[in-house]
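Worksheet for the structure shown next.
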Amino acid sequence: MRKVVSLLILLLASYALSAQIVIQGSVRDEEGVAIAGVVVSLQQEGKTLGYGTTGKDGRYRLSVQAGKDTATVIFNHLTFEKLEVPTTLESRNLDVILRERSETLKEVTVTAPVVKLRGDTLSFWLPALAAREDYTLEDAMKRIPGIEVDENGRISYQGRAISHFYIDGVDILGGKYTLATRGISAKMVDQVEILDNHHSVKMERNSGRTNEVAMNIKLNKEARIKPTGSSEARAGWGSEGFLGRIGGSLMRFGGKNQTILSGKLGNDAQFAQSETSDYFSSNQISGKASTFAGSVSGSSPPLDARYYLRPMDAYVSLDASHKQSDDVRLKLNSHYAYSYGTYDYSTRSDYYAGDNVVTLQEVFNPSSKSHVPSIGLDYQLNSEERYLNERFRATANFITNAMATMRADDPLDQSSSIRAIRLQNSLDWRKLIGDRRFYFNNTIAWTSSPSVKYSFAGLGLTGLQDGFSHNLRVNQRISTAHDWRRLTLDLPLNATIDYDRIGNTLDFGDITAQGSLAGLNGAVLFSPLLRWRSPSKQLQIDLRVDLGGKGLSVRDRFTGNVDKHILPVLDPNFSLDWTATARSQFRLSASSSRTVGDIMDFLRTPVMSSYRSIRQSPGILRDGRNSRISLAYDWKRPIELWFFHSDVMASRNKTNLRSSQTVETDQIWNTSIPEPVSSDGLTFSGSLSKRFQQTSTKLMVGIRAGSNRNSITQQGRAIDYKGDNLRFNWEASSAPWKWISLSYRGYWSRTGSSYLGNRTAFVTQTHSGTLSLFPVTALRVYFDTDFIRTQITGDLFKNMALGKAGIEWNKDKIRYSLLVHNVFDTRSYAYSIFTGLDTFSYNYALRGREILFSITYTL
Amino acid sequence: MVRKLLVTAFFALSLSASFTVYAQNPVGASAKPIQREKAKVAGYDRIGDALYEVIYEYRVRTTVSGKMSTRSEGSTITVRSGQPEIPEGQDNTVSDTYSTILQFGTERARFLDYLAYKVDSLACAGAPEDTIAKAYNDIDRSAFYFDPVIFQNWPEGSMTVDDVLVPGTFTYSENMTHEWTFGDDQKEVCGYPCQEAKTSYGGREWTVWFAPSIPSNVGPWKLGGLPGLILEAQDAEGIHHFTATALRKAACPIVRVQDAGRDKTQRDRFIQRKKASGGNSLNNIPTESITSIAVFKNDNGGTIKVNGRVTVRMTNHTWIPLELE
């Protein structure tokens, strides 16, 4: 009996302990209306014992384990104030009344991930990558691993130059994108997208992989809905006197019209040429007559021109795009750029002259002035089935160069001028019908250099060279391509004809010569392409062969002689593109092409390239073959911000003409002799970059190595020579804390040349560092230094330190800055280089210490 | 209360005005790019009010597969399997990212792709017809698009799912019951302190993070039933991951596109059929069910619109289902 009672007590106790309790009730508002969707939970010491939601009738029911302690019933709703009611853990009815909530939920936007990869599009969230001192888009883009921007503003990704630059999907500027990268504030940009395997033509998107990579800048909402831009004024003083700059840009994106208007005028640094350069179709007109202008422009050292050049630059640019419909766009690109620059340097030139070396020492003061107006109009229809692009371009170059020279205390003045104009119209039509594509392309270009002059006076001599050239080129291409499952067959037929007129006169000492030629140069090529793609589209192989012929007919207008040549062409091309994994890509290409000269090969008149150098063609057409093979490998882990790129290229060039140089005391003669010669080249390059987001650190290391072998006739003797170069470069930038930012970059390079058992090499190394301090958020104090060590000759090294320091203060939309340039007041920079068997040593005069104050206002 | 009535009346008027110019999925469209015509419009059914919206980034960790996407030749749809899947040991992992959005109010919620939401919100705002047509074209051309539309707590206590199985659209209901186990871990997601919870659903083990300070029992996709809004969810294998990236006030109500061709079905049958078809590819499609094909190209491949109603995304990334059972 006792056992039964104990068992009963035990059962009752355990039942009591495991018993469920029910807390239920209704939730109403202050007017007695039932509230649905109230989240009701029973909490005890931060733990949720049970929960539920009220139904339409406002009722709830919580069923939980019974217990001795107290708990809290929490009533929570999106539009009513939270209510907490303490309770014991026993069954009860609990009706509550909630009051309307006055506050809403906090709105939140999480910072976007730094990098996203979707298919072939890699997006970088720029605000997470840009450093505080990055003002322009170009400054911030340099922080992105895998992207490189050179000193002129040219952008490349994983070693490949970008093929298109878009702003919010619109190609406004074409190749003039430096205007945007240096004119758009980094704060206006949300994302930088890299579009690999890019097809700018919509109907080509299924025609296979391309090697093209494009960039698209995505602006933030503010930049899209209202005009943006900046204006700037600078004033200062330096060793050359007053320095100043004034400029501004106004940009409007969004809607159907995009416009970029910018202009600048200043003499503190060069900017006109780099900011108006078109990287996709050059503004520089290279007419054949430009050779008659000689080389009066002087040489440039591997140093920021800001240190040695005294410029005066100005430009105005207007670029506009109008979207007529989803597929149709009109575009205008126009600019006028004026650039003037002068500097001073001296040289020591050692020319190999057989048993001895002829040495010349000279002092130069070159100056160059150029006017480059350009206008382009585009009409583009780009739909899924059709493409039509009508493009007109007109560009002119008016360039005047002067060089005051001192040679052994004897003065000499050289000057040259080039007047050139180019008009070009091209029509590109494409159509997709089912699996077939049809192409028609017509280009007409007129390039005229009616006046090209070179003159010099000094050393008891005078010389005058005058020349002209006109060229009319017509190119016609028709093609059809058919796509099957894995194959594409493309059958293009291309015909090009050039009509040339060139002429020159030379009056120098006892040389008086005159030449005038007229020529027709044509080529007809049939270039079938067979493309195969693997089923997974990871492997693509292209086989192409150029079949046809080239013909040339040149008439000497003075003698009446006619030279005619017809040459067959059979040039194979092979390329393989393999996306081995989502992270790795290989590209292999091999080609062999026949290289043929032009009308200039028949100009037998001597041409002066400088007061001491004359070149004369033997009147033989250059004919050769260039073969090359290259292999590139890209690897990336974009989410982890690792990027690696490498490529190796081997080439061989064979030609029927060997370069020949004869060096005399006062004159250097250059010509070509009819002897076959071949030259080889091998280059390797690689770079690895990584970004550590936690400390905003970017690391990059690169290597470039190359060797070449060539042969030249010097002083009547055939000499083989070899050149080699090796260069390491590195970069590290970091912003580990809010108040400091550091960067360090440098390179070490060795360039060598060997011939006839002699070997010489020069070593150069540069170390550059920037330290930025932010004592308060709006204030930046920075110091930038360059240390350069160059080998001039044998055991002679020269060290040089350059530096600049500055203060920047940002207040609202205005930035005030004070800059001291060339803090150490270094006045000269020296280095040496090889050209063939000759050695040249340079010493440049640098601008002294300068101080500049500027105000920039951003819209 | 008065303010609510005015807001409701405003939206009702806006919707009634804009739905007359809103078109969706006209049946039997030609192979040309879709033109939105006034005569072929579809309406909306109003499901409920939305107070807030949460944008979720949905990432799927998958692989580059050897299976080729399909191609049509005339009236024949042929599926070609290319080389087998890339052998193990090779690094072919990719991450596909989708933008999705959850609208929720005091009673109901809707989860769908952001591009689809954009079309609805343009219609809601009375945007011009060509703007809405362009938004539709963005859907047709998008390489990454989350097909299902999930209505949570509609009807009450249940979920309604509208989904696509080429060449048709389907709908089914299921109960909103998940058995949750609370964890001890806490972390901040989207600026809100969150608590951990776990459940099993659809053959996967899910770990979620919910915010008790946001009193809503809904979440991304089909996940819900917690005493707070779910802001992050991930399956145990790390394949499917939903993360809230923004929370903001709602811009338009919860609506459902009217679709007369939408077939009613059962959840289990639909899941099994979708798994068998390998996602939304054209595998095993009876060719006689195809009346039209329109092809759109994009930088990531292309899309095919079948019968003017459903879109197949061409990709060589392996489709990995959210639900295994």
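Values quoted throughout were computed directly from the atomic coordinates according to the rules given, and no laboratory measurement underlies them. Keep in mind that what you see is a predicted model, and the values were worked out from it rather than measured. With ideal geometry, Cβ positions are generated from the backbone for all residues, glycine too; neighbour counts draw on all protein chains shown.
Odds and ends about this structure:
- Maximal additional length on extending the A:Ser534-A:Ser451 stretch stands at 24.3 nm, based on 0.36 nm per residue less the C-alpha distance.
- Which of A:Leu631, B:Leu231 has the fewest Cβ neighbours within 10 Å, and the rest in rising order: A:Leu631, B:Leu231
- Neighbour counting of Cβ atoms within 10 Å sorts the residues A:Ile855, A:Ile599, fewest neighbours leading, into A:Ile855, A:Ile599.
- Charge dipole of the stretch A:700-853 (Cα centre as origin; +1 on each Lys and Arg Cβ, -1 on each Asp and Glu Cβ, all else neutral): 160 debye, rounded to the nearest 20.
- Each Lys and Arg adds +1 at its Cβ and each Asp and Glu adds -1 at its Cβ; summed about the Cα centre, the protein assembly as shown shows a dipole of about 1160 debye.
- Net charge dipole size for the stretch A:124-177 [Lys, Arg +1 and Asp, Glu -1 on Cβ; Debye, nearest 20]: 120
- Computed over chain A: relative contact order in percent, which uses C-alpha pairs under 8 Å that are six or more apart: 8
- Binned Cα-Cα distances of the stretch A:582-655, short to long, each 10 Å bin given as a whole percent: 16, 24, 21, 18, 14, 8, 0
- Beta bridge orientation in chain A: antiparallel %, DSSP, nearest 5: 95
- Of the residues A:Ala223, A:Thr347, A:Phe787, the one whose Cα sits farthest towards the positive end of the charge dipole of the protein assembly as shown is A:Ala223 (charges of +1 on Lys and Arg Cβ, -1 on Asp and Glu Cβ, taken about the Cα centre).
- Computed Rg/Rh of the stretch B:154-234, alpha carbon atoms with Kirkwood Rh: 1.03
- Three principal axis extents of the stretch A:263-323 based on alpha-carbon atoms, in descending order, are 45, 34, 18 Å.
- Those GluC sites (Glu not before Pro) in the stretch B:199-282 that DSSP places in a loop and that have at most 12 other beta carbons within 10 Å: B:Glu237
- Once the C-beta distance of A:Tyr816 and A:Thr496 is scaled by a Förster radius of 60 Å, the resulting FRET efficiency is 0.60 to the nearest 0.05.
- Per the Cα gyration tensor, the protein assembly as shown maps to an equivalent ellipsoid with semi-axes of 69, 36, 28 Å, ordered largest to smallest.
- Scaled against 2.2 N^0.38 Å for its residue count N, the alpha carbon radius of gyration of the stretch B:138-274 is 1.12.
- Expressed to the nearest 5 percent, the antiparallel share of DSSP beta bridges inside the stretch A:603-686 is 90 percent.
- Chain A - mean residue ellipticity at 222 nm from DSSP helices (-39,500 (n - 2.57) per run, n ≥ 4, rounded to 500): -1000 deg cm²/dmol
- Take each residue in A:527-538, count the other chain C-beta atoms within 10 Å of its C-beta, and the mean is 3.
- Förster radius 41 Å - calculated FRET efficiency between B:Asp130 and A:Asn425 (Cβ-Cβ, nearest 0.05): 0.80
- Ordering of A:147-155, B:53-61, B:150-158 by packing is B:53-61, B:150-158, A:147-155, highest average first (other Cβ atoms within 10 Å, averaged per residue).
- Shielding by partners - mean other protein chain Cβ count within 10 Å, residues of A:101-110: 6
- Extension gain, A:Lys564 to A:Lys47: 0.36 nm times the residue separation minus the Cα-Cα distance gives 176.5 nm.
- Folded to 0 to 90 degrees: helix A:2-18 orientation relative to chain A principal axis, Cα: 40
- If the convex hull is drawn through the Cα atoms of the stretch A:99-168, its volume per residue in Å³: 164
- Residues of the stretch A:646-681 with amide N under 13 Å of a point placed 7 Å along Cα→Cβ from A:Ser707: A:680-681
- A:Tyr379-A:Val85 FRET efficiency (beta carbon distance; Förster radius 56 Å; 0.05 resolution): 0.15
- In terms of Cα atoms, the Rg and Dmax of the stretch A:433-604 work out to 23.4, 75 Å.
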